[in-house]
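The values are calculated or read from the model by the stated rules, or taken from the named source; none is laboratory data. All values derive from a computational prediction rather than experimental measurement. Glycine also receives a Cβ, built like all others from the backbone with ideal geometry; neighbour counts cover every protein chain displayed. Side chains included, ligands, DNA and RNA excluded: accessible areas come from the protein's heavy atoms. Shrake-Rupley method; radii C 1.70, N 1.55, O 1.52, S 1.80 Å.
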Amino acid sequence: MFDLSSRQAKIVFFAALAVIGFFLFFPLYWLVISSLKANAELYRVVPTPFPTMPSLEHFVRALTTGKLPMYLTNSLITSTCSASLVTLLALYAGFSFAKYRYFGRQPVMLFMLSAQMFPFGLLLISIYPMMSELNLLDTRPGLILSYIVFALPVSTYMLYSYFSQVPDELIDAARADGASDLRIFHTIVIPISIPPIVTVFLYSFMWSWNDLLYSMTLIVSDEKRTIGPGLLLTYLNEVNADWGGAMAASLVASAPIVAAFMFLQRYFIQGVTAGAVK
Amino acid sequence: MAKLELKDIRKSFGSAEVLKGIDLTVEDGEFVAFVGPSGCGKSTLLRLICGLDEITSGKMAIDGELVNDVPPAKRGIAMVFQSYALYPHMTVAENMGYALRLAGTPKQEIDARVSQAARKLRIDTYLDRKPRQLSGGQRQRVAIGRAIVREPRIFLFDEPLSNLDASLRVEMRIEIARMKDTLGTTMVYVTHDQIEAMTLADKIVVLNSGRVEQIGSPLDLYNKPVNRFVAGFIGSPRMNFLKLGARKGEGGFAVPGGEVRLPRDLSSSPVEIGIRPEHVELVGRGAPDSLAGIVTMTEHLGSDTYAYVALEGSEEMVVVRLSGDRAVKRGEPIGVHVDPAMIHVFSADGLSLASARAVALEAA
C-alpha cells in the first residue's frame, strides 16, 4: 500500500486526488449549472461560475415541448428488456460454466469473451447486414438483440466468477436432500446470488441506456428512437445548438440511472467486490 | 436401519484411480469410521456411498438392493458435511425441512418432525434464525438436525467436527455418541482425528492410497495392526520404529543404542520393530533389556509427560510416555527399557509378523 506517513507524501497524494476529482466532477458541475442558466447568461463570452438567476425554463421546455418523454420511454423499454434478457441468459450460462464439467466448456467461454476484443464500431459493420437480412432493422427487438450480444459475454463472465465461489458442498447438500439440478439453481443458488445478479442487471442496463452508436444506426424512425440519439438530434444538429436544453435533458436522462444506482448501490458494491476478501 | 455392502468399489477421475477395489460390509446399526491420511480416498468413498459421485466399477447394495444408479435422495441416506453446508438464505426450520418439502411431505408433518429433531438437539429456540446468526456449534447441530429429520436408513458424516474448536469438538463428539445410542441407525463417519474414530466407532476402516489397509475394532487396530502403516497411523503419539541391524546370537538383533530380543518362530525375516510410547520406560543406563540414549526434549501435558530420547550412535528418536509428575532432565543419559512382549515386528514388505505380543494377547 501507499506509505502516507510523511507530510509531503500526503500533499502529493491529495493533490493527485484533487486533479482526478476535478476532471471527474467538473463536467457534471458544468452540466448542472448550465441547465439552470437562462440563455442570455449561458452564451456570455466569459462564463459565470454560478447561475446568477437560476431558472428551470430548460427543464420545463425539455419535458413539455420536446419528445424527451417519448425517447425516455423508448430507452426504458429497450434497456429493461435487454438487461432482463441478458441477466436471465447470463445466469444459466454462468452457472453451467462454473459448476459443470463438459467437453468444450473452456473454448466456448473464451470464444464468447473474444467478442469483446473487437471495437464495437467494427462489429456494427457485420451486425447491420445481419439485422437487415432478418428484417430487424428499425425494430426494437433488433436493437435489444444487438445489446444482448454485447452485454452477454461480460455478464456471463461476472456471474461465472461468482458462481465458481459458491461452495460445492452447498450444492451437494441440496442434491443429497433430493433437489434436481434446476431446482438447486432456482431455490439455493439464485437466492444467495442477489448482489451479482443486480450488478449484472445494472451493467447491461447502463450499457444500453448510454448507447449512441447502435441506436443511431439501427433505428431510423423517430418514434422508436432512444434517449442518446434523441438528445443529439433534438438539441445539437445542423440547424441549432440548444445547449441549455441539451444540459437539462441530459440531467433528466441520467436521473433513472442515478436513481437506480442509489437504490441498488448496496447490492452493486457487494457484487463488484464479492470474493475480494476471504 | 440398513446393512451396507460394498464390493470391489473402484473410482477413477480421468486416468487417476482414487479407489482401488474397496470391499466392506457395514452391519445394520453399526458405526463405522473411515480414517487415513489426506488424499487416501476416504471422503471420495463417502461421496460414492451418498450417491454424489458415480461409481466407476463395483457393486454397492443397501439391504441387499443394488443402489449403484439410485439417486442420492432415493437411497435413504443423509449426509452431514464438514462445512455444515447450511442454506444461508433459509431459516433453521427451513433448512431442516428442505428435504421433506422436496419429497412432498405435508406441512404439518414437516413442522412436527423439525420441532422434534430440534428439541432433541436443543436448537428449538433458534428455529427462526438464519445460519449466520448461529455459532459454529449451533450450526453443526442444525446440520445434524437436517439429517435426522429425514429419518434416513444410513447417516454419513464427512469430518463433521473438524471446523469446531477443541472444547466444542469434545462436546459434539459426546452428542454424536449419544445420537448413535438413541437412534441406532447405521452410521459411516469420515475423520482424520483418530480420537474421534477410536471413541465413536464400532469398527474402523484404515484407508491408504485408495486401498483398505485394515478393518477392525478400535482395540484390534491398536493391539494387532496388520502392517507398519496401520501401526504408525493408529495411536498418538505414533509408534516408535527401529531398523534392525545384525543378528546377535539366538533371537537377538542389534538396534541403535543396544540390542533387542525377538521371538524365534517368526514366519519371515524381520527388518524393523515398532514399540508404542506407552510400552517403553526410562531406566538407568545399563539396565537389562535397555537401549542407551540421551533425553533431548520433554513435553509436559499435565496428565502425561513425553520424553524424546536420542538413541546412542544414531539419529533415531524414541518417544517415551511417562506419568505427568515424572521429572526428566534434558541432556540426561538414560536407558530405554523395551518390553519384549510389547514389540511389533515387521518384515521387509511392511507386514506385521506374529509377535510375542500378539501371542500373549491371544492367550489372554
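What per residue convex hull volume, in Å³, comes out for the range A:128-199 when only alpha-carbon positions are used?
Each residue corresponds to 116 Å³ of Cα convex hull volume.
Can you tell me, using C-alpha contacts under 8 Å and at least 6 residues apart, the relative contact order of the range A:32-122 as a whole percent?
Relative contact order, the range A:32-122: 17 percent.
Can you list the HN-Hα couplings for the range B:240-245, worked out from phi with the Karplus curve (6.51, -1.76, 1.60; θ = phi - 60°), rounded to whole Hz and with x for Gly and Pro?
Going residue by residue, I get 7, 10, 10, 6, 8, x Hz, with x marking Gly and Pro.
Rank-order A:154-164, A:60-70, B:210-220 by packing density, defined as the average count of other C-beta atoms within 10 Å over each peptide's residues, highest first.
My ranking of the peptides, most packed first, is A:154-164, B:210-220, A:60-70.
Per residue of the range A:246-253, in order, report the coupling 6.51 cos²θ - 1.76 cosθ + 1.60 (Karplus, θ = phi - 60°) as ³J(HN,Hα) in whole Hz, putting x for Gly and Pro.
Karplus values, whole Hz, x for Gly and Pro: 4, 5, 5, 5, 4, 4, 4, 5.
For chain B, what relative contact order do you get, as a whole percent, if you take Cα pairs closer than 8 Å and at least 6 residues apart?
Relative contact order, chain B: 15 percent.
Please name the residues of the range A:135-180 whose accessible area, counted over protein heavy atoms with a 1.4 angstrom probe, falls by no less than 40 Å² between the chain alone and the full protein assembly.
Listed in order, they are A:Glu169, A:Leu170, A:Asp172, A:Ala173, A:Arg175, A:Ala176, A:Asp177.
For B:Lys329, give me every one of the aspartates and glutamates with a C-alpha distance below 13 angstrom, ignoring sequence neighbours fewer than eight places off in its own chain.
Filter leaves B:Glu299.
Quick check: Cα centre of the range B:243-314 to Cα centre of the range A:90-118, how many Å?
Measuring centre to centre over Cα atoms gives 62 Å.
Once both labels are modelled 7 Å past Cα along the beta-carbon direction, what's the B:Val271-B:Asp349 spacing in nm?
Between B:Val271 and B:Asp349, the label points sit 1.2 nm apart.
Stokes-Einstein D for the range A:7-55 at 20 °C, 1.002 mPa s, Kirkwood Rh over Cα pairs, in µm²/s?
For these conditions, the coefficient is 170 µm²/s.
Report the B-A buried area as the accessible area lost on both sides summed, probe 1.4 Å, in Å² to the nearest 100.
The buried area between B and A, both sides summed, comes to about 1500 Å².
Each residue of the range A:151-167 in order: what ³J(HN,Hα) in whole Hz does its phi give by Karplus 6.51 cos²θ - 1.76 cosθ + 1.60, θ = phi - 60°, with x for Gly and Pro?
3J(HN,Hα) across the range A:151-167, in whole Hz: 8, 4, x, 5, 4, 4, 5, 4, 6, 4, 4, 5, 5, 4, 8, 5, x.
Filter A:Lys67/A:Lys224; B:Lys130/B:Lys180; B:Lys107/B:Lys180; B:Lys180/B:Lys224; B:Lys20/B:Lys224; B:Lys3/B:Lys203 down to the pairs with a C-alpha to C-alpha distance above 20 Å, please.
B:Lys130/B:Lys180; B:Lys107/B:Lys180; B:Lys180/B:Lys224; B:Lys20/B:Lys224
Using amide H atoms built 1.01 Å from N in the peptide plane, name the residues 5+ places from B:Leu353, or on other chains, whose amide H lies under 5 Å from its own.
Correct list: B:Val345, B:Phe346, B:Ser347.
With a cut-off of 8 Å between alpha carbons and a minimum separation of six or more residues, what is the relative contact order of chain A in percent?
So the answer I get is 29 percent.
If each of A:Thr65 and B:Asp202 carries a label point 7 Å out from its Cα toward its Cβ, how far apart are those two points in nm?
Roughly 9.2 nm, to one decimal.
Carbon and sulfur together cover what percent of the accessible area of the range A:7-55 at a 1.4 Å probe radius?
Solvent-exposed carbon and sulfur of the range A:7-55 make up 80 percent of the total.
Just to confirm, what accessible area per residue do you get for the range A:155-275 at 1.4 Å probe, in whole Å²?
44
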